[in-house]
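Encoded as structure tokens, the structure appears first; notes follow it.
Rule-based calculations on the coordinates, nothing more; no lab input. None of the values given here were measured: they were computed from a predicted structure. Quick reminder, even Gly has a Cβ in these numbers, built from the backbone with ideal geometry, and neighbours come from all protein chains shown.
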Amino acid sequence: MWRQNADSSFSCKDKCVRTIRALPNGSAPYNGTVSSADTSPLDLPLDSLPRVGTDRAEQLKRLNLTTVSDLLLQKPRRYEDRRNLLSINELTDQNTQLCRGKVVTRGVKRFRGGRRSVFECVIDDSTARLHLRWWNMPYMENYFKTDDEVLAFGKLSSLKPKTMDHPETEVYRDDEETLIHLNRIVPIYPLTEGLSQRWMRQLAWQIVNKFKELISNPPHETPGLPNRPEAVRQLHFPESMDEAEAARQRLAYDEFIELHKSIQTRRYKLQRNAKSRDCSGDGSLLRPFTNALDFELTRAQEKVIDEIKADLCRTAPMRRLMQGDVGSGKTVVSAAAILMVLESGYNALLMAPTEILANQHAANFRRWLEPLGVLVMLQTGSHHETDNGPSLFDNDQKPTLAVGTHALFQSKFELENVGLVVIDEQHKFGVEQRNELLRKGAYPHLLVMTATPIPRTLGLTLYGDLDISIIDTMPPGRGVIRTHARTPERWPKIIDFIKSQLAEGRQAYVVFPRVEHAEENIKAVAREASRLRDTFAPHTVGVLHGRLKPEEKETVMAGFRDGQIRVLLATTVIEVGIDVPNATIMLVENAEIHGLAQLHQLRGRIGRGQHDSHFILLLGKDSPEARERLDVLVSTTDGFKVAEADLQLRGPGELLGQEQSGLPPFRFGDLRRDLALIQEAHAAVTNPA
């Protein structure tokens with residue numbers, strides 16, 4: 001049996017002193033791992049410790065635990081308060097609960113055919129009996145013996161008799177374990193096959209008590225939070241749930257400090273090593289462009305243009321994120337930035353995530369810029385104005401704007417004399433893709449745009465190396481967008497309403513989650529097209545999805561823009577960049593399976609003209625959770641509020657895609673609730689005392 005005073009069981013030299021640093025600069029720091037150039041007790045492999053043999057070490061390795069420091073920074077997935085256990089007689093079926101009892105009987109029952117079975121273990125605590133069942137897991141019989149003391153955590157699946165199906169359990173055969181496992185708040189760790197909670201907790205207990213004093217504090221202050229050695233102790237064996245949360249916050253703060261140090265280092269290297277191009281321009285293109293617009297720029301647009309112009313004449317290349325709600329006029333602002341660069345004698349690139357959006361940008365910029373004598377090129381997967389290189393641009397031409405998709409990454413041509421790269425819908429591209437394009441262009445100015453508003457925590461972390469501009473007002477003269485959440489029984493009324501709008505001359509989108517093959521209760525555009533053509537007759541119905549050939553997509557989009565197609569059946573391929581002011585209705589099928597940010601993007605395809613618009617969310621499967629999510633969209637059209645709610649509901653990894661986003665895999669930090677910590681860490685790094 002391992003006890004708290006069993007330090008002598010570890011053979012380490014006392015003179016070998018080691019620290020767990022917050023996180024070392026320059027490493028991949030955010031997963032809480034520890035490294036050092038010096039051999040130290042905290043670098044000891046776990047298989048060198050007593051009772052951790054080769055087999056146990058392999059099991060721990062599956063959890064990415066190979067050294068003492070790895071285990072010290074292993075975050076429990078939850079905690080159990082074992083100071084006040086319920087008696088079995090007190091258990092209810094309302095929520096998960098914890099109790100303790102002695103095994104009185106156990107056995108496996110096999111059903112006819114032998115393929116199905118249930119193992120049942122009955123425990124008694126003198127107030128009542130509790131049946132613990134595991135279906136089709138006959139090997140569970142090996143874990144329990146008659147008279148074993150068993151701790152069970154779960155929710156009752158039956159009251160008569162009281163039964164838990166597949167509960168979490170621990171077995172105790174020695175009262176000396178009470179100090180570690182009972183009458184306290186205990187950690188519940190992530191496990192893998194072959195490891196038990198009891199064994200993991202014993203190992204953590206011994207390692208924390210042996211090595212805690214070798215952990216040193218980073219130099220930054222953490223007012224109101226425990227020091228790092230104490231935080232590690234509280235992480236594993238807190239005296240209260242408040243202590244556990246304080247420990248998490250302290251270790252999260254260290255992660256955020258190192259993240260901001262890394263961001264600051266990147267910005268410093270850019271300022272020191274990258275030579276900026278003066279692209280402030282002379283107004284020879286910008287002035288006639290703004291004079292020719294048939295609308296006035298909003299104050300918010302003018303403010304952002306001024307911020308960009310100031311960046312373009314600085315010694316370091318611009319790194320700016322422009323965010324604004326759908327329809328706020330970001331494209332016009334990007335055109336102003338592009339014209340300043342062209343005026344200065346440099347080429348510009350505009351990259352879009354889809355061919356549909358790239359084609360639309362090319363059409364808009366040609367309409368705006370070709371009267372000014374500016375050449376606009378298009379380079380996509382299906383449209384190559386330059387195929388043989390070596391340069392995307394003709395050196396004999398005037399400065400040029402190249403609009404494209406991922407085809408701009410192609411290595412067979414060079415991006416010469418590039419002054420500015422504009423990336424539309426930044427969240428659709430990986431961070432490394434962005435950096436690859438910048439390297440290829442010899443580090444030009446960068447302007448990234450997004451109509452997906454960035455929650456404040458992401459603005460300080462994922463986009464921490466970018467200056468942020470916000471277009472926070474919409475152009476005047478637009479109709480109101482009303483959002484409605486509806487269930488399938490309202491279908492006839494929904495169709496009647498859409499027909500009434502079509503009769504008034506409006507156009508409509510119907511959005512489906514799938515193209516063709518769909519699981520039960522999930523609709524697909526190809527399957528529904530024939531039925532809806534009959535439903536909306538005599539109005540012309542078009543179909544648009546990602547599997548169409550590029551020329552087919554463009555034909556459909558041209559027909560919808562021109563008004564020949566009155567109803568467009570589509571997948572979410574239309575979520576970005578489609579601009580048809582006469583389209584005032586959007587019906588989204590199976591709305592509950594989409595994220596809030598994506599639905600808000602889709603909503604931005606309507607409400608772009610003077611008429612009021614209606615965004616109809618049709619639930620394929622109604623539930624309180626789905627209603628709660630969609631009610632966010634019903635209650636507000638503010639994209640920033642929607643983004644914050646989406647972050648809370650889905651978390652950053654699912655919201656952005658962990659690999660796509662470039663987000664570090666925080667072990668302790670939580671971008672949904674740690675805004676205050678992130679702001680404190682940002683201030684500590686950017687304005688050190």
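Straight-line cross-link partners of Lys102 among the lysines, defined as a Cα under 18 Å from its Cα and at least 8 positions apart when in the same chain: Lys145, Lys162. Distance from the C-alpha centroid of segment 583-645 to that of segment 349-363: 25 Å, rounded to the whole angstrom. A Förster radius of 30 Å, combined with the Cβ-Cβ distance separating His166 from Asp81, puts the computed FRET efficiency at roughly 0.90. Taking 19 Å as the straight-line reach from the Cα of Lys303, the aspartates and glutamates in range (excluding those fewer than 8 positions away in the same chain) are Asp282, Asp311, Asp325, Asp467, Asp472. Note on Glu355, Glu255: ascending count of other Cβ atoms within 10 Å places them as Glu355, Glu255, the fewest first. Exposed loop sites are taken as chymotrypsin sites (Phe, Trp or Tyr not before Pro) in a DSSP loop (any state but H, G, I, E or B) with at most 14 other beta carbon atoms within 10 Å; the longest stretch of the chain without one runs 296-689. I need the trypsin sites (Lys or Arg not before Pro) found in segment 526-567, filtered to DSSP loop residues with at most 13 other beta carbons within 10 Å of theirs. Those that pass, being in a loop and sparsely packed, are Arg547.
Taking amide H as placed 1.01 Å from N in the peptide plane, the amide H of Ile423 sits under 5 Å from that of Met351, Leu447, Val448, Met449, each at least 5 places away or on another chain.
Shown in residue order for segment 157-165 are the 3J(HN,Hα) couplings computed by the Karplus curve 6.51 cos²θ - 1.76 cosθ + 1.60 at θ = phi - 60°: 9, 8, 9, 9, x, 5, 9, 10, 9 Hz (x for Gly and Pro). Along segment 72-79 the Karplus relation, 6.51 cos²θ - 1.76 cosθ + 1.60 evaluated at θ = phi - 60°, assigns HN-Hα couplings of 4, 9, 7, 7, x, 7, 6, 10 Hz to successive residues, with x for each Gly and Pro. Each of Met557, Met474 was scored by other Cβ atoms within 10 Å of its Cβ. Listed from fewest to most, they are Met474, Met557. Put +1 on the Cβ of every Lys and Arg and -1 on every Asp and Glu Cβ in the chain; which of Ile257, Asn417, Leu225 then has its Cα farthest towards the positive end of the dipole? In the chain, that residue is Leu225. Between segment 301-330 and segment 454-489, what is the separation of their alpha carbon centroids in Å? So the separation of the two Cα centres works out to 17 Å.
Taking amide H positions as modeled 1.01 Å from N, with prolines and chain starts lacking one, the residues under 5 Å from Gly479 and 5 or more places away or on another chain are Gly609, Gln610, His611. Along the Cα-to-Cβ line of Asp562, 7 Å from the Cα, sits a label point; which residues in segment 505-520 have backbone N less than 19 Å from it? Only 506-508 fall inside the zone, counting backbone N under 19 Å. Pairs of alpha carbons in segment 84-183 separated by more than 17 Å make up 50% of all such pairs. Computed about the Cα centre, the dipole magnitude for segment 481-656 is approximately 380 debye when only Lys and Arg (+1) and Asp and Glu (-1) carry charge, each at its Cβ. Here's how it looks for Thr67: its modeled amide H is under 5 Å from those of Leu46, which are all 5 or more places away or on a different chain. When the scattering of segment 481-656 is computed by the Debye formula from its Cα atoms alone, each counted once and equally, what is log10 I(q)/I(0) at q = 0.09 Å⁻¹? The Cα Debye sum returns log10 ratios of -0.29. For the pair Lys549 and Asn227, the difference between a 0.36 nm per residue extended length and the Cα-Cα distance amounts to 109.9 nm.
For segment 289-338, GluC sites (Glu not before Pro) are listed when DSSP marks them as loop and at most 15 other Cβ atoms sit within 10 Å of their Cβ; the list is Glu296.
Fully extending the segment from Ser530 to Arg184, taken as 0.36 nm per residue of separation minus the present Cα-Cα distance, adds 118.1 nm. Put a dot 7 Å past the Cα of Asp638, heading toward its Cβ, do the same for Asp282, and the two dots end up 4.6 nm apart. Centroid-to-centroid, using Cα positions, segment 148-223 and segment 262-285 are 53 Å apart. Straight-line cross-link reach from Lys641 at under 22 Å between alpha-carbon atoms covers these lysines, not counting any fewer than eight positions away in the same chain: Lys330, Lys428. Across all directions, the shadow cast by the convex hull of segment 258-358 built on its C-alpha atoms averages 8.4 square nanometres.
The modelled label-to-label distance between Asn291 and Ser500, using points 7 Å beyond Cα along the C-beta direction, is 4.8 nm.
Per-residue Karplus couplings for segment 669-681, computed as 6.51 cos²θ - 1.76 cosθ + 1.60 with θ equal to phi - 60°, are listed in order as x, 10, 5, 7, 9, 10, 4, 4, 5, 4, 5, 5, 5 Hz, Gly and Pro entered as x. When the chain is described by a simple charge dipole with +1 on each Lys and Arg Cβ and -1 on each Asp and Glu Cβ, the residue from Asn590, Leu375, Leu214 located farthest towards its positive end is Asn590. Ordering Met241, Ala676, Ala363 by Cα displacement along the dipole of the chain toward the positive end leaves Met241 in first place; charges were set at the Cβ atoms of Lys, Arg (+1) and Asp, Glu (-1). With a/c under 1.5 counting as rounded, go ahead and sort segment 121-171 into rounded, prolate or oblate using the C-alpha gyration tensor (a ≥ b ≥ c being the square roots of the eigenvalues; past the cut-off, prolate if a/b is larger than b/c, else oblate). Oblate, because a/c is 1.5 or more while a/b does not exceed b/c. What's the FRET efficiency of Arg478 with Arg272 using the Cβ-Cβ distance as r and R₀ = 45 Å, to the nearest 0.05? The pair Arg478/Arg272 has a calculated efficiency of 0.50. In units of the compact-protein estimate 2.2 N^0.38 Å, the chain shows a Cα radius of gyration of 1.17.
Potential lengthening of the chain between Glu436 and Ser158 amounts to 94.3 nm, from the contour at 0.36 nm per residue minus the alpha-carbon distance.
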